[in-house]
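Structure record follows, encoded as structure tokens.
The values are calculated or read from the model by the stated rules, or taken from the named source; none is laboratory data. As the structure is a prediction and not an experimental result, all values here were calculated from the model. Methodologically, a virtual Cβ is constructed for each residue, glycine included, from the backbone with ideal geometry; neighbour enumeration extends over all protein chains shown. Surface accessibility is based on the protein's heavy atoms, side chains included, excluding ligands, DNA and RNA. Shrake-Rupley method; radii C 1.70, N 1.55, O 1.52, S 1.80 Å.
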Amino acid sequence: QVQLVESGGGLVQPGGSLRLSCAASGISSSFYAMGWYRQAPGKQREWVATITRGGSTNYPDSVKGRFTISRDNAKNTMYLQMNSLKPEDTAVYYCNAGATPLYSWGQGTQVTVSS
């Protein structure tokens, strides 16, 4: 059974940083592109970052230059370093495998950016 477990969220002031982790089990994440997504209250889930099997990364303009996605295949874990956080980054953050999400969503990790 595939499980993707997100962690690392919390409350941070505007301009602060957080690092999220996504631990995969039941799959070898090195075989997949992996991605981060987020869902703010009252909004649809949106894509935040992707890292390919080869390590190439891609981001929407809303987070480009502030967020960095990375992976540690030996640990079957993916990360999202988030810097210069803004209140509009407040959301539940989720991870998934595949160029488009392949598996059921986990519980996510809440990120709240507020002073």
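Here are the numbers for this structure:
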quantity	calculated
Pick from the range 74-106, criterion open to solvent by 70 Å² or more (accessible area, probe 1.4 Å) and either modelled with pLDDT under 95 or of a type in the set (A, V, I, L, M, F, W, C) (or both), ranking: farthest from Tyr37 (Cα to Cα)	Ala74
Test: Gln13 is free of Cβ contacts under 8 Å to residues at least 12 places away in the same chain and more than 14 Å from Arg71 (Cα to Cα)	no
Selected residue (only one of Thr68, Thr90 is in contact (Cβ under 8 Å) with a residue 12 or more places away in the chain and closer than 17 Å to Gln110 by Cα)	Thr90
Residue ID - nearest to Gly106 (Cα to Cα), chosen from residues in the range 1-22 that are open to solvent by 50 Å² or more (accessible area, probe 1.4 Å) and within 11 Å of the chain's Cα centre (by Cα)	Val5
Glu46 vs. criteria of a type in the set (D, E, K, R), modelled with pLDDT of 95 or more and loosely packed, with under 15 Cβ neighbours inside 10 Å	yes
Members of the range 25-43 that are at pLDDT below 95 and in contact with a Lys or Arg (Cβ under 8 Å, 6 or more places away or on another chain)	Ser29, Ser30, Phe31, Tyr32, Ala33, Met34
